[in-house]
Amino acid sequence: MINLQPYTNPAYFILLIGTLLPAMIGLYFGKRLKVYEAIWTFSFLLITFGGIKWHQGIALAAYIIFQQLLVQIYKAYRKRHNSTAMFLSMIILSIFPLVIVKLAPIFPSSQLSLFGFLGISYLTFKTVQVLMELRDGTIKEIRVRDFVRFLLFFPTVSSGPIDRFKRFQADEQQVLSRDAYLVMVDRGVQYIFKGFVYKFILGYFFGTWLLPRIAHVALLERHAFFGTGLSLHLVEYMYVYSMYLFFDFAGYSLFAIGISYFLGIKTPENFNAPFRSHNIKDFWNRWHMSLSFWFRDFVFMRVTFFIMKKRLIKNRIRVSQVAYLLNFLIMGFWHGVTWYYIVYGLFHATAIIINDYWLRYKKAHPNLIKHNMFTEGIAIFLTFNTVCFSFLIFSGFLNTLWFK
Amino acid sequence: MKHRHQLGLTIGPVLVAIIMSCLLLIYPYKAGSYSASGLEKASLSQSNNVLKGQAIKTAALKNGYVPFFGSSELSRLDMTHPSVVAKKYHWSKRPFLLGKAGTQSLTHYFAMQDMTSQLKNKKAVVVVSPQWFTKKGQIPAAFSAYYSPLATAQWLLKAKNTQADQYAAKRLLKMNAFHRTSMMGKATLRIANGEQLSANQRRYLQLRLKVLHGEDHFFSAFIVKNKMRRLNNGTKKLPQSYSFTKINRLAGAMGKRNTNSNQLQIENNLYRKKLRGKIKTLKNCQVNLDYRQSPEYSDFELMLNQFKQTNTDVLFIIPPVNAKWAKYTGLSQQMLMSTSHKIKQQLNSQGFNNVLDLTQDGNINYFMQDSIHLGWRGWLAVDQAAQPFIAKRQRTPHYQINRYYFSKNWQEKIVK
């Protein structure tokens with residue numbers, strides 16, 4: 001059987017949008033063809049997780065059943081009780097498959113990686129979010145099919161953006177007027193074409209064309225600067241990799257959002273000109289937004305409330321610092337259990353804590369620096385370079401340079 | 001009415017974009033619209049899009065270039081490299097370099113498929129590295145890197161039920177450059193089984209070819225590596241008129257200067273970057289290398305088969321291994337000798353008599369630039385043979401292809 005990976009080439013788009021047309025025509029006439037959409041989703045899941053990747057397909061099916069059970073059991077339980085122990089066990093159970101898959105590379109001889117499939121992280125984010133909102137009481141009812149549809153919404157299944165259940169469900173239920181739907185299709189087309197420029201032209205140029213060449217020369221200079229491998233080419237690598245990372249992932253996100261819009265779903269944005277951020281905090285409000293907002297709402301805020309409620313730490317500044325540290329450490333581990341992802345997380349935690357100190361200092365001394373184009377430029381320049389350096393860590397290239 | 005207008009504004013630009021991309025790809029370009037300097041740049045570039053594409057290389061072969069098939073050694077643009085010498089002394093035709101690290105017989109065989117009319121009754125030079133003939137032969141990953149859908153589609157469309165085509169199809173499938181279930185894979189499978197392509201497959205390949213030609217013309221206009229500076233630097237070092245003795249002396253001096261960091265006569269930069277740190281561990285590391293048995297011998301036969309079909313007059317060059325390096329790493333000279341014997345037997349017995357075997361010259365000072373790549377004096381030896389070969393009148397070669405060379409028996413046979 002054929003196997004196609006999402007959004008990799010023009011033929012995929014022709015197939016995807018071509019088969020989506022009936023559903024789109026339906027929406028144009030104000031009707032959501034739910035059965036057709038379900039069949040369409042199933043077929044594309046089969047193409048993505050079938051063929052040579054059949055074991056991923058099985059893992060996905062098992063995963064969905066497992067998470068569905070957790071959600072339905074907890075929903076029923078939550079109607080009567082609300083114990084923290086039960087809630088925590090549900091969360092732990094829910095992230096258990098993801099933890100196993102993330103640990104698999106450390107135990108290469110084990111069969112742990114068999115639990116994995118493309119997109120497991122994003123499905124876990126969605127499930128955890130549903131469980132948390134069930135606990136909060138902001139979600140009361142979630143039907144089996146609604147949960148499956150939310151989880152397996154095909155345009156975003158492999159790598160996000162991470163939507164929220166209530167928002168998604170509202171879009172899904174809403175009957176769009178023809179005008180409103182046409183505006184969405186128009187936006188969708190714009191997203192997808194911008195994605196083509198990002199991923200297939202700029203991402204290709206930086207990632208496929210330029211990056212291997214620079215990596216090659218940078219590796220040749222691994223003995224440079226007293227054996228540290230620090231060379232101008234390494235600096236070049238840092239910038240080129242950063243550009244590649246942005247254009248590739250932002251391009252991918254634009255595809256996912258564009259296709260969502262065709263289906264009348266306003267999947268949230270993932271990037272908002274991140275290299276124009278004027279500090280690290282600003283950066284995380286613009287970079288991989290659906291992930292950083294998820295972490296903000298479900299890790300950072302929860303940790304902060306927990307510490308404050310239990311009065312573990314009195315000083316409010318310390319509280320947020322600890323929360324940042326935990327937040328980014330978890331994000332680092334989520335990327336993968338390697339030293340460079342974890343250092344990447346710690347680096348950003350440190351950067352944002354320093355950033356906080358600076359912001360407080362500036363607030364206390366309002367006449368210290370006047371805001372003008374020049375200072376704004378310096379701020380953007382500093383932030384950009386800090387971020388690019390963090391991406392150099394993230395790229396794992398230093399690992400190759402030093403230890404391979 | 002209003003909705004229709006809105007719909008038109010949304011879909012209109014998309015349709016225009018699709019139509020324009022289709023036109024761009026299918027538009028019948030006129031061949032040969034390259035400037036002389038563009039062709040010169042391409043002749044040195046060894047870029048992937050030159051090797052995999054058709055437009056540039058065929059234009060060059062029509063306009064004063066001879067194909068030089070080879071691998072990594074071709075990129076050593078020293079003063080004596082044929083590309084440099086040919087420019088300086090105005091050879092009647094200049095080398096067009098095809099191949100780089102990892103290109104072997106199979107890649108060349110397929111790359112030839114979109115230039116057969118430029119090979120017909122013409123000349124070619126092939127540098128056959130003994131290093132191609134490893135136990136495993138062509139590595140699929142390397143083949144895939146140079147895999148050309150354009151040349152392969154052309155090959156498929158003219159493939160017949162012959163032993164050579166069947167063999168080539170089977171090898172192609174082994175390389176995993178494409179999926180077996182893809183259109184290309186299914187078509188290749190048919191050739192491998194001795195069947196004809198289906199009408200559908202033909203139509204698909206013809207259409208695909210049109211698009212690939214469009215892409216080739218479009219993209220070959222840029223992304224060509226520029227090595228003109230190195231070429232011109234080389235020509236400046238050469239004496240005004242060609243003199244073997246003078247250039248030989250210059251080559252020796254230059255070799256000496258550029259290898260003075262080590263005892264093995266390996267070029268200083270390369271030695272410093274790749275070898276210095278681990279030279280101790282390399283002692284006797286090549287004791288077990290053996291090039292005498294390899295599937296490559298039959299892949300090589302594919303090239304010969306192609307030359308027979310296009311009546312191409314070919315000069316074969318078998319480069320040596322740096323003798324000092326061979327001794328240090330324990331590489332057997334005897335094994336190298338019998339490898340070159342085997343290659344020569346395959347060539348001579350089928351009428352390919354134009355062979356420059358340099359296997360025994362690995363101990364000449366500064367013949368090699370490093371371990372296995374021709375250098376200052378080595379290239380000079382090549383020039384000495386290539387210049388008269390290219391200058392002389394085209395002759396009609398008489399080749400007799402022997403199917404035996406496609407057999408496992410030959411691949412495994414050890415020739416003393």
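The values are calculated or read from the model by the stated rules, or taken from the named source; none is laboratory data. Bear in mind that the values here come from a model prediction, so they are computed numbers and not experimental data. So basically every Cβ, Gly included, is an ideal-geometry build from the backbone, and we count neighbours across all protein chains shown. Note: areas computed on protein heavy atoms with side chains; ligands, DNA, RNA excluded. Shrake-Rupley method; radii C 1.70, N 1.55, O 1.52, S 1.80 Å.
Across the alpha-carbon atoms of the stretch A:1-148, the computed radius of gyration and Dmax are 18.1, 55 angstrom. To test your reading of the geometry: what angle, between 0 and 90 degrees and rounded to tens, separates the Cα axis of helix B:296-309 from the longest principal axis of chain B? The two axes meet at around 70 degrees. Accessible area per residue for the protein assembly as shown is 48 Å², calculated with a 1.4 Å probe on protein heavy atoms, without ligands, DNA or RNA. All Cα-Cα distances of chain A, cut into 10 Å bins from zero to the largest, leave 4, 18, 29, 28, 16, 5, 0 percent in each bin in turn. Subtracting the Cα-Cα distance of B:HIS90 and B:GLN206 from their residue separation scaled by 0.36 nm leaves 37.7 nm. The amide H of B:ASP357, built 1.01 Å from its N in the peptide plane, has B:ILE318 as neighbours under 5 Å, considering only residues 5 or more places off or on other chains.
Dipole check for chain B: with +1 at the C-beta of Lys and Arg, -1 at the C-beta of Asp and Glu, and the Cα centre as origin, the magnitude is about 580 Debye.
Overall form of the stretch A:272-404: oblate. Here a/c, set by the Cα gyration tensor axes a ≥ b ≥ c, is 1.5 or more, and a/b is not larger than b/c.
Heavy-atom accessible area of B:ASP383 with all protein chains present, probe 1.4 Å, nearest 10 Å²? Only protein atoms counted, so the area is about 0 Å². Can you classify chain B as rounded, prolate or oblate using the Cα gyration tensor, where a ≥ b ≥ c are the square roots of its eigenvalues, rounded means a/c under 1.5, and otherwise it's prolate if a/b beats b/c and oblate if not? The shape class here is prolate. Using only the C-alpha atoms, the convex hull of the stretch B:136-211 corresponds to 84 Å³ per residue. Rounded to the nearest 20 debye, the dipole size of the protein assembly as shown about its Cα centre is 720 debye, using +1 on the Cβ of Lys and Arg and -1 on the Cβ of Asp and Glu.
Please give, to one decimal in nm, the separation of the simple spin-label points placed at B:LYS186 and B:LYS135, each 7 Å out from Cα toward the Cβ. Each label point lies 7 Å from its Cα, and together they span 3.9 nm.
If you add up the charges near B:SER198, with Lys and Arg at +1 and Asp and Glu at -1, over every other residue whose beta carbon is less than 14 angstrom from its beta carbon, what do you get?
Once all neighbours under 14 Å are counted, the net charge is +3.
Note on B:SER261 and A:SER83: with the Förster distance fixed at 60 Å, the Cβ-Cβ geometry gives a FRET efficiency of about 0.25. A simple spin-label model places the labels of B:CYS22 and B:ARG249 6.9 nm from each other, with each point 7 Å out along Cα-to-Cβ. In terms of accessible area, using a 1.4 Å probe and ignoring ligands and nucleic acids, A:PHE271, A:PHE193, B:PHE300 rank largest first as A:PHE193, A:PHE271, B:PHE300.
Using bins of 10 Å that start at zero, the share of Cα-Cα pairs per bin across the protein assembly as shown amounts to 2, 10, 17, 20, 18, 15, 10, 5, 1, 0, 0, in whole %.
For B:LEU374, the amide hydrogen comes within under 5 Å of the amide hydrogens of B:GLN369, counting only partners 5 or more places away or on other chains and with H modelled in the peptide plane. Relative to the longest principal axis of the Cα atoms of chain B, helix B:163-174 runs at roughly 80 degrees.
With the cut-off at 1.5 for a/c, could you classify the stretch A:178-270 from its C-alpha gyration tensor as rounded, prolate or oblate? Cα axes put the stretch A:178-270 in the prolate bin. Helices assigned as whole DSSP H runs in chain A whose Cα atoms extend at least 30 Å along their own long axis and whose mean Kyte-Doolittle hydropathy is 0.0 or higher are found at A:54-78, A:232-262, A:339-364, A:373-395.
What part of the accessible area of the protein assembly as shown, given as a whole %, is carbon or sulfur when the probe is 1.4 angstrom? Using a 1.4 Å probe with all protein chains present, the protein assembly as shown comes out at 62 percent carbon and sulfur. Compared with the dominant principal axis of the Cα atoms in chain B, helix B:228-237 is inclined by about 30°.
Residues whose amide H comes within less than 5 Å of that of A:LEU4, counting only those at least five positions distant or on another chain, are A:THR48 (H built at 1.01 Å from N in the peptide plane).
The DSSP beta bridges internal to the protein assembly as shown are antiparallel in roughly 5% of cases.
Largest to smallest in accessible area, the residues A:ILE95, A:ILE25 fall in the order A:ILE25, A:ILE95 (1.4 Å probe, all protein chains included). Note: the stretch B:250-358, Cα convex hull, 138 Å³ per residue. For the set B:TYR109, B:TYR242, the ranking by accessible area, highest first and with no ligand, DNA or RNA atoms included, is B:TYR242, B:TYR109 under a 1.4 Å probe.
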